[in-house]
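A quick write-up on the structure given underneath.
The values are calculated or read from the model by the stated rules, or taken from the named source; none is laboratory data. The structure presented is a predicted model; accordingly, all values stated were derived computationally and were not measured. Every residue, glycine among them, receives a Cβ derived from its backbone with ideal geometry; neighbour counts consider all protein chains shown.
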């Protein structure tokens with residue numbers, strides 16, 4: 001449906017046309033709320049309406065396919081077809097005119113009649129998924145991966161927060177698991193609770209559903225979970241999409257994705273001020289992941305304040321507890337060394353089913369690029385003497401860490417498998433919490449355990 005008639009401000013004309021298309025088009029039932037995420041919106045701006053002076057078959061010569069739309073009018077009916085219709089359906093000029101007659105409820109060759117008025121016009125269109133313009137990502141997994149009501153969510157967060165013993169520090173990146181809260185929620189919270197969140201957080205996660213573009217950044221304005229709303233950052237999302245080759249602004253992969261949603265209630269509790277940008281990453285080759293990481297680093301380095309880079313990923317899936325832990329350690333060795341290429345090779349060579357491995361490769365490469373460009377960057381105090389606020393003996397026994405020569409240090413917050421919650425030791429998934437910061441210099445590395 002469109003708007004033709006008296007002069008009107010463009011915004012009002014769009015409102016008028018949108019309401020007619022959604023509610024009053026006699027060819028279709030009104031659009032329901034459930035359909036919104038499935039729809040595409042296409043807007044045409046039309047100009048240059050002029051009558052066709054020719055008569056009879058010569059009228060077809062006045063229509064230029066790909067440039068002109070056509071409108072027909074007579075006492076028996078009126079119809080209009082946009083310029084794109086002829087191209088989409090492969091019409092020639094005569095076929096296009098037959099089609100507009102059909103649209104108007106006229107005989108197919110009515111355009112040949114002298115008493116039928118015929119007009120041509122030009123236009124330009126823009127189209128996108130309607131969901132791109134829906135500002136809020138609503139919860140999908142509440143009641144399944146985590147509690148479905150605010151009180152139960154708050155009760156779980158209260159328990160975990162009461163057990164936290166570490167003061168937050170300015171970590172530059174982290175890896176956290178994203179299984180259901182009974183399995184990995186406590187470890188995810190314990191890891192996130194040690195971070196002094198900056199104003200922006202970029203979460204990279206797997207594309208579990210396979211829907212939409214392979215790489216997609218959430219374009220909306222906010223994330224919603226029961227009892228809380230977390231701000232997104234559409235401007236940063238748009239900048240990332242513009243400056244990272246192959247990254248698309250698209251909500252489709254995010255609609256049913258759980259890997260970010262399960263972390264949002266925790267972030268809402270720990271860092272209600274931070275703006276969350278979500279990126280889904282599908283299966284990709286090493287070279288393109290490295291390029292993604294380098295371009296991500298360029299965007300991050302140009303920001304006034306560095307955002308937190310957060311990887312949402314579980315480790316190996318579907319093996320015995322012993323085998324899961326063995327394979328997890330192979331991946332953790334490369335993660336703790338902050339080695340993106342080593343992680344990629346380990347996952348491929350050993351068949352490690354780490355769902356967020358591509359996302360982790362991107363973030364590790366970005367970290368290497370950022371730390372190389374800022375060799376004097378400060379590191380969180382916990383990398384000298386263990387977690388801030390922890391006793392030395394606690395630190396030595398509970399916090400494995402590595403300090404690679406590449407300039408990045410990693411603290412392992414914890415490692416577990418689903419067997420510890422389920423009791424099923426034959427079919428497990430591995431989970432780990434990791435924190436990353438610039439490695440201490442020789443001058444400061446005096447009391448490392």
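Every residue, every condition in (1) crowded, with 20+ Cβ neighbours inside 10 Å; (2) touching a strand residue (DSSP E or B) at 6+ places or on another chain (Cβ under 9 Å); (3) over 17 Å from residue 292 (Cβ atoms); (4) in the same structural domain as residue 289 (by TED's automatic domain parsing), yes or no:
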{"site": "146", "(1), (2), (3), (4)": "yes, yes, yes, yes"}
{"site": "163", "(1), (2), (3), (4)": "no, no, yes, yes"}
{"site": "179", "(1), (2), (3), (4)": "yes, yes, yes, yes"}
{"site": "184", "(1), (2), (3), (4)": "yes, yes, yes, yes"}
{"site": "199", "(1), (2), (3), (4)": "no, yes, yes, yes"}
{"site": "203", "(1), (2), (3), (4)": "yes, yes, no, yes"}
{"site": "208", "(1), (2), (3), (4)": "no, yes, yes, yes"}
{"site": "226", "(1), (2), (3), (4)": "no, yes, yes, yes"}
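Conditions (1) part of a loop (DSSP other than H, G, I, E, B); (2) surrounded by fewer than 16 Cβ atoms within 10 Å (Cβ to Cβ); (3) modelled with pLDDT of 95 or more; (4) assigned by TED's automatic domain parsing to the domain that holds residue 408, marked per residue:
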residue	(1), (2), (3), (4)
94	no, no, yes, no
111	no, no, yes, no
115	yes, yes, no, no
160	no, no, yes, yes
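State the number of residues belonging to the range 282-309 that are touching a residue at least 40 places away in the same chain (Cβ under 8 Å) and farther than 13 Å from residue 364 by Cβ.
Adding up the residues that qualify gives 15.
What residue, among those in the range 330-344 that are assigned to a helix (DSSP H, G or I) and touching a residue at least 40 places away in the same chain (Cβ under 8 Å), is surrounded by the fewest Cβ atoms within 10 Å (Cβ to Cβ)?
This residue is 341.
For the range 268-281, give me the residue count where each residue is within 17 Å of residue 197 (Cβ to Cβ) and touching a helix residue (DSSP H, G or I) at 6+ places or on another chain (Cβ under 7 Å).
Selection size over the range 268-281: 6.
Those residues that are at pLDDT below 80 and loosely packed, with under 12 Cβ neighbours inside 10 Å, I need them from the range 14-38; list them, please.
26, 27, 32, 33, 34, 38
Going by the structure shown, is residue 410 modelled with pLDDT of 65 or more, within 26 Å of residue 167 (Cβ to Cβ) and either in contact with a helix residue (DSSP H, G or I) (Cβ under 9 Å, 6 or more places away or on another chain) or surrounded by fewer than 15 Cβ atoms within 10 Å (Cβ to Cβ) (or both)?
Considered against the rule, which asks whether it is modelled with pLDDT of 65 or more, within 26 Å of residue 167 (Cβ to Cβ) and either in contact with a helix residue (DSSP H, G or I) (Cβ under 9 Å, 6 or more places away or on another chain) or surrounded by fewer than 15 Cβ atoms within 10 Å (Cβ to Cβ) (or both), residue 410 comes out as yes.
Restricting to the range 165-177, give me the number of residues that are touching a helix residue (DSSP H, G or I) at 6+ places or on another chain (Cβ under 9 Å) and either farther than 22 Å from residue 218 by Cα or surrounded by fewer than 22 Cβ atoms within 10 Å (Cβ to Cβ) (or both).
Matching residues across the range 165-177 total 6.
Is it true that some residue in the range 234-252 is under 28 Å from residue 151 (Cβ atoms) and in contact (Cβ under 8 Å) with a residue 40 or more places away in the chain?
Step one: of the range 234-252, the residues under 28 Å from residue 151 (Cβ atoms) are none.
No, because not a single residue in the range 234-252 is under 28 Å from residue 151 (Cβ atoms) and in contact (Cβ under 8 Å) with a residue 40 or more places away in the chain.
Select from the range 355-369 the residues that are out of contact with any strand residue (DSSP E or B) (no Cβ under 6 Å at 6 or more places or on another chain) and surrounded by fewer than 24 Cβ atoms within 10 Å (Cβ to Cβ) and write down the one among them that is farthest from residue 319 (Cα to Cα).
Top of the filtered list is 369.
Could you tell me which of the residues 90, 66, 56 is more than 16 Å from residue 123 (Cβ to Cβ), within 41 Å of the chain's Cα centre (by Cα) and surrounded by fewer than 13 Cβ atoms within 10 Å (Cβ to Cβ)?
Checking each option against the conditions leaves just 90.
Can you pull out the helices (runs of 4 or more DSSP H) entirely within the range 204-308 that have at least 2 residues that are under 27 Å from residue 39 (Cβ atoms) and under 14 Å from the mean Cα position of the chain (by Cα)?
234-243, 252-255
Is at least one residue of the range 30-51 without any contact (Cβ under 8 Å) to a residue 60 or more places away in the chain, more than 30 Å from residue 251 (Cβ to Cβ) and part of a loop (DSSP other than H, G, I, E, B)?
No, the range 30-51 contains no residue that is without any contact (Cβ under 8 Å) to a residue 60 or more places away in the chain, more than 30 Å from residue 251 (Cβ to Cβ) and part of a loop (DSSP other than H, G, I, E, B).
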